[in-house]
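Undergrad: There's a structure below that I have some questions on.
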Amino acid sequence: MPISLNYLLKRTAWIFLVVVGVVIFSYMAIILSPGDPAVKWAGNPRGPNASLAIELARRELGLDKPLFIQVIKFVADVFTGNIGLSIAYKIPVFDVIMRRLVATLELLFVTYLIAIPLGVFLGIRSAIHRNGRLDTVLQSLGTVLANTPTFWLGAWLFLTLVLLGAYPYGRVDPKIATSTGFHPITGFYLIDSLIEGNLLVFTNVLSKIIPPAIAISIYPLGVLIRLTRALASDALLEDYIRASVAWGVSRSVIIWRYALKAITPGLVQVIGLAFAYSLVDAMAVEYVVFGREGLGSLLVDSLNYSDFRLAVGLVIVVAVFYLLVNTLTDIIQALIDPKVRL
Amino acid sequence: MSTSIKEFMKPLESSGKRLYGDLSKSFKRYLKRTRFKVGLAITVVILLLALVGPWIVPYPDEGEGYVPPEASQREKQPPSLKFLFGTDTRGRDLFSRVILGARSAVLQITTVISLSLVIGLVVGILAAYFRGVVETVLNYLVELFISIPAVIVALVLRLALGPGLPTIITSLVITWWSWYARVTYVYARSVMEMDYVTLARLSGLSPVKIMTRHVMRNVLTPVLVQAVTDMGSVLLEASTINFLGLGLPLNSPEWGVIMFEGLGVLEIAPWISAYPGLFLLMTALGFSLVGDTLREEMDPRLRRRWRLWF
């Protein structure tokens, strides 16, 4: 194993510290912004019980104590998963987020199942025909794709499908789900329906997940087309490629096995970055355009209900997600690249 | 002794000027490349629109968000000669609104990029110069703010401050500065290893002068090129935030906001989302084309031309 225990411990401690920083940052946003923090924490309540809710929020935040005790208490509360009930959903904040996170992750996985093979394939084609006509077309396409607003393309995709008679709204058709007795186990509907052997639901879920996945995949696709080309054109000039040619190894083996293997570490690094970035795209597209109940719906609901707790929960979960993706990228890179040791 | 060292340092101190000379000299070379020309043309057009927008559109008031009383009779009209891009959900001239959007796009891009650049440069150079505790603390802050996406920061700030330009600008700066700090730090650290920096230190040059004269000048070009490339991404991210309703208020002339307005009536009036999206795409593409050319010219590895020989 090229990964040391030392690295893992250090990295875990670092992630922990960064998350503490994120929590303190969100607490500061509540405390330092104009207005009464207790009112904001209670979600700007109105009605007869408003003063009660505000008093409760004041006690929850410990606003009568000195600032550093407030902060420590808040950090402790967050790490014990105890930042109260979401105002919009009336259930614990982290429960809501975890349930929705699964939906968004499922979407992101499908997105990258589309983007990675296609992007790498087109990028390598582009590198082989470097400075040719195909290369120009593919690289221009890559630049355009990477700069297209995801939610704009998503809206067009949605409109086209609706005009064609399909209905890509939501995660699964509730009629099909109830009539076949579909019960989510893991929350990944694609996996759940396969476990239950429910092919009807599986195809339905798949048909609803692919359009938003295509919309989100344009950014990683554009980036991968350009990056694979840059990496592959360097790799194809290496001495071992020349040696393989002299040895009489077939062209396709050289390109798709040797060269691809050489560029994988570079690809992994960028895919990791793009994956974290796609989370934002997914949040913009999934709910507002395609009506899928993922993290994007929490964003909107948190805004509509002035639900500060949900917002703080989202900040923390998304930050942890980013940090984990980064760490995972480093670990994968260490596993496949003999030059990297952690 | 000290004078001789100062004289020895002279050519080194002025070496920073060469970089800018290089950039302007190579400008003519860039102009020969189609991609750069297209990118520059788009960028110039958008900048011009941002400057003169309010004076060339037919209905500047409606563009800013004002709904005239007679507008209710012309809601969601398709593009025509009178309303070039049609009218929006409340009967305002979409052409005026989209063109005025260029101004808010340019405003958002330039404020976010320049503020992030300044913070990033300062933090990155300080971390590379001082090492030790300063370095660890600053790197911690960079990692902290790189880990939260701007959309989420915007949500928190939107709840705390309400909608408006400060919300969107702050949320983007809070997350973007860390990228420049990281890039600056990486370059600045390699500059700090150079002999001329050691010599400057030994000669008793003050830290501020070393940082500005030697480190900053050598780091500036790659970071600036990075900033130009990022301008498109900043715009896309800003519009995403505005689209979700987390930034600028409703009715403001911003492409993301207009697209959200058009989303609900996509089937009846697709032009309301189409035009702002097209402008957004073109603007982002323009910046990205300019930035890519600059980067390729800077990195000779990318410039190498060759053909596959087997």
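The values are calculated or read from the model by the stated rules, or taken from the named source; none is laboratory data. All values derive from a computational prediction rather than experimental measurement. Cβ placement follows ideal geometry from the backbone for every residue including glycine, while neighbour counts extend to all protein chains displayed.
Undergrad: Could you say whether any residue in region B:45-61 is among the hydroxyl-bearing types (Ser, Thr, Tyr), touching a residue at least 60 places away in the same chain (Cβ under 8 Å), over 16 Å from residue B:262 (Cβ atoms) and crowded, with 16+ Cβ neighbours inside 10 Å?
TA: Within region B:45-61 (the criterion being among the hydroxyl-bearing types (Ser, Thr, Tyr), touching a residue at least 60 places away in the same chain (Cβ under 8 Å), over 16 Å from residue B:262 (Cβ atoms) and crowded, with 16+ Cβ neighbours inside 10 Å), the answer is no, since none of the residues qualifies.
Undergrad: Let me ask you something else. Scan region B:152-173 for residues that are crowded, with 21+ Cβ neighbours inside 10 Å and aliphatic (A, V, I, L, M) and jot them down.
TA: Across region B:152-173, the qualifying residues are B:152, B:153, B:154, B:155, B:156, B:157, B:159, B:160, B:168, B:172, B:173.
Undergrad: Filter the helices (runs of 4 or more DSSP H) completely within region A:157-266 down to those with at least 3 residues that are touching a residue at least 12 places away in the same chain (Cβ under 8 Å) and surrounded by fewer than 22 Cβ atoms within 10 Å (Cβ to Cβ). Give the derivation first.
TA: Working: elements: A:174-179, A:189-195, A:199-235, A:239-247.
Per the criteria, A:199-235, A:239-247.
Undergrad: Another one. Looking only at region A:280-300, which residues are of a type in the set (Gly, Ala, Ser), within 15 Å of residue A:311 (Cα to Cα), more than 9 Å from every other protein chain (Cβ to nearest Cβ) and touching a helix residue (DSSP H, G or I) at 6+ places or on another chain (Cβ under 6 Å)?
TA: Answer for region A:280-300, where residues must be of a type in the set (Gly, Ala, Ser), within 15 Å of residue A:311 (Cα to Cα), more than 9 Å from every other protein chain (Cβ to nearest Cβ) and touching a helix residue (DSSP H, G or I) at 6+ places or on another chain (Cβ under 6 Å): just A:294.
Undergrad: Test residue A:318 against the stated conditions and say whether it is closer than 26 Å to residue A:215 by Cα and either of a type in the set (Gly, Ala, Ser) or part of a helix (DSSP H, G or I) (or both).
TA: For residue A:318, the condition - closer than 26 Å to residue A:215 by Cα and either of a type in the set (Gly, Ala, Ser) or part of a helix (DSSP H, G or I) (or both) - is met.
Undergrad: Anything in region B:90-146 that is over 23 Å from residue B:52 (Cβ atoms) and not in a helix (DSSP H, G or I)? List them, or say none.
TA: If the condition is that a residue be over 23 Å from residue B:52 (Cβ atoms) and not in a helix (DSSP H, G or I), then B:90, B:91, B:131 are the ones that fit.
Undergrad: Now for a separate question. Taking region B:236-250, which residues are more than 9 Å from chain A (Cβ to nearest Cβ), surrounded by 24 or more Cβ atoms within 10 Å (Cβ to Cβ) and over 16 Å from residue B:283 (Cα atoms)?
TA: Within region B:236-250, B:242, B:247 meet the criteria.
Undergrad: Only one of (1) surrounded by fewer than 24 Cβ atoms within 10 Å (Cβ to Cβ); (2) more than 8 Å from every other protein chain (Cβ to nearest Cβ); (3) more than 20 Å from residue A:158 (Cβ to Cβ) is not met by residue B:265, so which one is it?
TA: The failed condition is (3).
Undergrad: Let me ask something else about it. Restricting attention to region B:229-240, report how many residues are in contact with a Ser or Thr (Cβ under 7 Å, 6 or more places away or on another chain) and either at positive phi or at pLDDT 85 or above (or both).
TA: The total comes to 2.
Undergrad: Picking from B:196, B:185, which residue would you name as being of a type in the set (Ser, Thr, Tyr), part of a helix (DSSP H, G or I), touching a Gly at 6+ places or on another chain (Cβ under 6 Å) and in contact (Cβ under 8 Å) with a residue 12 or more places away in the chain?
TA: Just one listed residue meets the conditions, B:185.
Undergrad: Return the pairs, sorted by first residue and then second, in which the second residue is surrounded by 13 or more Cβ atoms within 10 Å (Cβ to Cβ) and among the aromatic types (Phe, Trp, Tyr), the first residue lies in region A:1-18 and is assigned to a helix (DSSP H, G or I), the beta carbons are less than 7 Å apart, and the residues are 6+ apart or on different chains.
TA: A:17/B:140
Undergrad: Another question about this same structure. When region B:226-244 is examined, which residues are found to be assigned to a helix (DSSP H, G or I), in contact (Cβ under 8 Å) with a residue 24 or more places away in the chain and of a type outside the set (Val, Ile, Thr)?
TA: Step one: list which residues in region B:226-244 are assigned to a helix (DSSP H, G or I), which gives B:226-243.
Still in the list and also in contact (Cβ under 8 Å) with a residue 24 or more places away in the chain: B:226-242.
Passing the criteria: B:226, B:227, B:230, B:231, B:232, B:233, B:235, B:236, B:237, B:238, B:239, B:242.
Undergrad: Tally up the residues in region B:289-298 that are crowded, with 24+ Cβ neighbours inside 10 Å and facing another protein chain (nearest Cβ under 10 Å), please.
TA: Total meeting the criteria: 1.
Undergrad: For region A:97-128, give me each residue that is surrounded by fewer than 17 Cβ atoms within 10 Å (Cβ to Cβ) and either closer than 30 Å to residue B:33 by Cα or of a type in the set (D, E, K, R) (or both).
TA: Correct list: A:99, A:118, A:121.
Undergrad: I've got another one for you. Just the residues that are facing chain B (nearest Cβ under 8 Å) and polar (S, T, N, Q), please, taken from region A:117-139.
TA: A:131
Undergrad: Do the conditions hold for residue B:208, that is, is it surrounded by fewer than 19 Cβ atoms within 10 Å (Cβ to Cβ) and farther than 28 Å from residue B:77 by Cβ?
TA: Considered against the rule, which asks whether it is surrounded by fewer than 19 Cβ atoms within 10 Å (Cβ to Cβ) and farther than 28 Å from residue B:77 by Cβ, residue B:208 comes out as yes.
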